[in-house]
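Single-structure report; data block below.
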Amino acid sequence: MAQTNERQINDTSSKASASLAEPKGKRPPVLVDGVTLNGPTLDIREAESFLRDAMPIIMEEAVWKATDIKEKVCEWRSPEQLKDLLDLELREGGETHPQILQRCRDAIRYSVKTGHPLFFNQLYAGMDPYSLVGRFITEAINPSLYTYEVAPVFLLTEEAVLKKMIEIIGWQEGGDGIFSPGGSVSNMYAVNVARYHHCPDVKVLGLSALPRLVMFTSQECHYSVAKAAAFLGIGTNNVYVIPSDKRGKMIPAEFEKQVQRAKDEGALPFMVNATAGTTVLGAFDPLEEIADICERHNLWMHVDVSGSSLKI
């Protein structure tokens with residue numbers, strides 16, 4: 001009896017394996033009232049074949065060779081030469097898989113290999129294999145962190161990272177945060193939050209209900225501070241630039257003079273952008289002294305941190 005059961009289990013397993021191994025080919029369209037519900041048909045075998053051919057190219061050219069000190073950091077070409085080599089014209093028809101794979105090779109070959117041991121940049125460099133696999137997963141799944149229902153794993157991951165960062169900073173009463181695509185957007189968020197803190201009616205009444213707002217930043221700050229003022233309707237003329245010392249740090253006494261100037265003009269000073277790691281000199285503004293001035297004048301203090309994980 002045991003042998004019969006074992007044979008039946010083996011037969012079932014074999015059938016299941018055979019069923020899983022069978023290529024399904026193109027999926028037939030599902031039509032309801034003449035409308036295709038499952039979109040364009042996809043040749044599963046072709047798609048799998050392309051992925052299997054593309055991954056070795058990525059690993060060999062973009063990972064192994066790109067991190068080999070004996071290889072070049074970049075196969076440099078002038079813009080005119082590169083346009084001819086890549087053939088970037090957008091055509092109506094598609095291309096064959098071999099042609100697309102060659103485009104993959106060319107894209108890697110003529111790009112700067114930022115993971116190369118001889119690539120040096122003040123902001124980024126190197127390749128982390130674990131992060132790379134993480135990117136493979138997120139690109140394959142393509143999650144969007146709107147709600148827990150559509151991205152349960154990554155939403156919880158985001159919360160865990162934010163919680164740890166808050167612990168490192170030392171906020172005993174907790175806090176909150178968001179991830180943004182870069183420094184420019186982060187600074188714009190900061191200006192918007194500071195403005196809302198001082199003038200909450202702006203959300204419903206708009207700019208016409210506001211007094212003239214003035215914000216402050218050092219002469220060594222990131223260009224995105226003035227850009228944020230322009231985008232949010234504050235105006236670049238209302239960004240008062242504070243002189244820096246010879247090491248690139250904001251001069252607190254000059255900062256307080258400019259705050260008083262804005263008040264004398266009848267404007268409302270509402271925030272200062274301090275910098276921890278300026279772009280050119282890597283200077284840290286004197287945050288404690290700036291914070292004291294903000295407390296005296298009721299200003300929101302934003303700190304623009306370059307390479308935040310390192311600085312924290």
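Read-outs: derived from the displayed coordinates by stated rules, not from any lab. Keep in mind that this is a model prediction, so the values were computed, not measured. Neighbour counts are summed over all protein chains in view; Cβ atoms, including those assigned to glycine, are modelled from backbone coordinates with ideal geometry.
Need one number: nm distance between label points at residue 44 and residue 106, each 7 Å from Cα along Cα→Cβ, rounded to one decimal.
3.4 nm
Based solely on C-alpha atoms, express the radius of gyration and the Dmax of the chain in angstrom.
Answer for the chain, Rg first and Dmax second: 28.2, 98 Å.
Mind scanning 227/263; 65/113; 203/257 and naming the pairs with a C-alpha gap bigger than 21 Å?
Pairs exceeding the cut-off: 227/263; 203/257.
For the pair residue 196/residue 263, report the inter-label distance in nm, with labels modelled 7 Å from Cα in the Cβ direction.
2.8 nm
What value, in deg cm²/dmol to 500, does the helix sum -39500 (n - 2.57) over DSSP H runs of n ≥ 4 give at 222 nm once divided by the residues of the chain?
Mean residue ellipticity at 222 nm (helix-derived): -14000 deg cm²/dmol.
Would you mind telling me which residue in 184, 144, 244 has the biggest mean-square fluctuation in a Gaussian network model of the chain, where springs connect alpha carbons within a distance under 10 angstrom?
For the chain, modelled as a Gaussian network with Cα springs under 10 Å, the answer is 144.
Antiparallel as a % of all DSSP beta bridges within the chain, to the nearest 5?
Roughly 25 percent of the beta bridges in the chain run antiparallel, per DSSP.
Please give the peptides 289-297, 124-132 ranked by average Cβ packing (other Cβ atoms within 10 Å per residue), highest first, as a rough proxy for protection.
Listed from highest to lowest mean packing, they are 289-297, 124-132.
Rounded to the nearest 0.05, what FRET efficiency is calculated for residue 171 and residue 99 with R0 set to 45 Å and r the Cβ-Cβ distance?
Values: r = 54 Å, r/R0 = 1.20.
The value I calculate is 0.25.
Peptides 264-276, 167-179, 62-74: what's the order by average Cβ count within 10 Å, highest mean first?
Details: 264-276: 19.4, 167-179: 9.5, 62-74: 14.6.
Highest-to-lowest ranking by the protection proxy: 264-276, 62-74, 167-179.
Can you quote the Å³ per residue value for the convex hull of the Cα atoms in the stretch 197-312, rounded to an integer?
Spread over its residues, the Cα hull of the stretch 197-312 gives 109 Å³ apiece.
Out of all Cα-Cα pairs in the stretch 66-176, roughly what percent, to the nearest whole number, are more than 18 Å apart? Present the calculation step by step, with values, prior to reporting the outcome.
Values: 4363 of 6105 pairs.
Tail of P(r) above 18 Å: 71 percent of Cα pairs.
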